[in-house]
Amino acid sequence: MPAPLNESNAAGLAGQIRIVLVGTQHPGNIGAAARATKTMGLSRLVLVAPEKPLDDDAYRRSAGAEDLLEAAPVHATLAEAVADCRLVLGCTARSRRVQLEQLDPDAGAARLLRFAAEGPVALVFGRERTGLTNEELQLCHASVHIPSDPAFSSLNLAAAVQVLAYEVRRALLAAAPADAVVPRSDDLPATHEQVEGFFSQLAETLDAIDFHKGRTPDSAMRKLRRLFLRTDLTVNEVRLLRGVLADAQRMARLADESGRLSP
Ligand code: SAH
């Protein structure tokens, strides 16, 4: 049996894990989420377009986790906050129309740790009233659902952060160095930004080869996004796919030019 992670390895991995709060409505919940995060040995809190600035209530409810509040970067969009992340998991109180793979908290925590050995990863939490939008969930590789009572499924934001941060801590304490810390440095998981670059080129290519034939591209793109996000693309795989697309785009241009030249 490999030895458990020691505290310094654990701290290295924990430093890669971002708790991202999107569109939070009550600053007090941000404070309580900071406390929940810090009690479990995590330190990276990230805010996306909070409705109100941090106030006394936020600081009061952080109860000693002011350092996390003060260090928390504020981004305008979720895409910006997770651009360099190699895994993005969205926490949802109920299942949505967006058919994402759904993980239990322990499976989500295990997957986060696996990817944290190779770069930043994110656990994303939504608004108190409305959760995450479908567009935001589409940026996630998978969703995480705390198996609450379906008839009353929505936890308070900070309570949800607490459950997930606890699972991450348990996974950290149980992880073996061999599977948690050694990066596969030859081929890292692609970052969010690299995968989004691929999706943009895929959309352009589908247009160029007239794949949609007058239909709206949304549904096909949604399905393709789901397919590729499920496979946890690596940097080299994104490069390969983009090479294939570049050639398809070149052939489409040639076909287009010869079509225009021929009588
Ligand atoms: N009314 C909202 C719930 C918002 S609760 C909705 O129906 O979506 C605020 C956030 O806490 C959610 O966006 C989610 O990130 C997290 N959360 C609450 N309950 C959860 C649960 N059972 N599983 C996972 N995340 C949960």
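Which length gain, in nm to one decimal place, applies between residue 94 and residue 186 when the Cα-Cα distance is subtracted from 0.36 nm times their residue separation? Write down the numbers at each step before the final one.
Numbers: separation 92, 0.36 × 92 = 33.12 nm, distance 3.77 nm.
Net length gain for the segment: 29.4 nm.
For the chain, the alpha-carbon coordinates run over 77, 45, 35 Å along the three principal axes, in decreasing order. Structure remark: mean-square fluctuation, Gaussian network model of the chain, C-alpha springs under 10 Å; the largest value among 21, 241, 139 belongs to 241.
The residues of the chain have, on average, 51 Å² of accessible surface per residue, using a 1.4 Å probe with all protein chains present. Please compute P(r) over all alpha-carbon pairs of the range 185-261, binned at 5 Å starting from zero, and give each bin as a whole-number percent. Result returned by the calculation: 3, 15, 22, 22, 17, 10, 6, 3, 1, 0.
Helix screen, the chain: DSSP H segments with Cα axial length of 27 Å or more and mean Kyte-Doolittle hydropathy at least -0.5 are 235-261.
Annotation: for a label point projected 7 angstrom from Cα along Cα→Cβ of residue 56, residues of the range 14-36 with backbone N closer than 18 Å are 26-32.
Volume per residue of the convex hull around the Cα atoms, evaluated for the range 83-156, comes out as 87 Å³. Computed with a 1.4 Å probe over protein heavy atoms only, the accessible area of residue 212 comes to about 20 Å². Approximating the spin labels as points 7 Å out from Cα along Cα→Cβ, the residue 130-to-residue 70 distance works out to 3.5 nm.
The calculated FRET efficiency for residue 250 paired with residue 63, based on their beta-carbon distance and R0 = 41 Å, is about 0.10. Taking the DSSP beta bridges with both ends in the chain, the antiparallel portion is around 10 percent. In the chain, what percent of the accessible surface is made up of carbon and sulfur (1.4 Å probe, ligands and nucleic acids excluded)? Answer for the chain is 55 percent, counting heavy atoms of protein chains only. For a label point 7 angstrom out from the Cα of residue 49 toward its Cβ, which stretches of the range 14-39 have the backbone nitrogen within less than 12 Å? Backbone N within reach: 22-24. Computed from the C-beta positions of residue 39 and residue 77 and an R0 of 25 Å, the FRET efficiency is 0.30 to the nearest 0.05. Distance between the 7 Å Cα→Cβ label points at residue 260 and residue 104: 5.9 nm.
Placing dummy labels 7 Å off each Cα toward the beta-carbon, the span from residue 223 to residue 154 is 3.2 nm.
Amide H contacts for residue 44 (H built 1.01 Å from N in the peptide plane; partners 5 or more residues away or on another chain; cut-off under 5 Å): 19.
Which order do 66, 80, 196, 118 take by accessible area at a 1.4 Å probe, largest first?
Numbers: 66 65, 80 95, 196 45, 118 20 Å².
Listed by decreasing accessible area, they come as 80, 66, 196, 118.
Partners of residue 38 within straight-line reach, counting lysines whose Cα lies under 30 Å from its Cα and excluding those fewer than 8 residues away in the same chain: 52.
The values are calculated or read from the model by the stated rules, or taken from the named source; none is laboratory data. All of these numbers come straight from a predicted model, not from anything done at the bench. Glycine also receives a Cβ, built like all others from the backbone with ideal geometry; neighbour counts cover every protein chain displayed. Quick note on the areas: whole protein, heavy atoms, side chains included, nothing else; ligands and nucleic acids left out. Shrake-Rupley method; radii C 1.70, N 1.55, O 1.52, S 1.80 Å.
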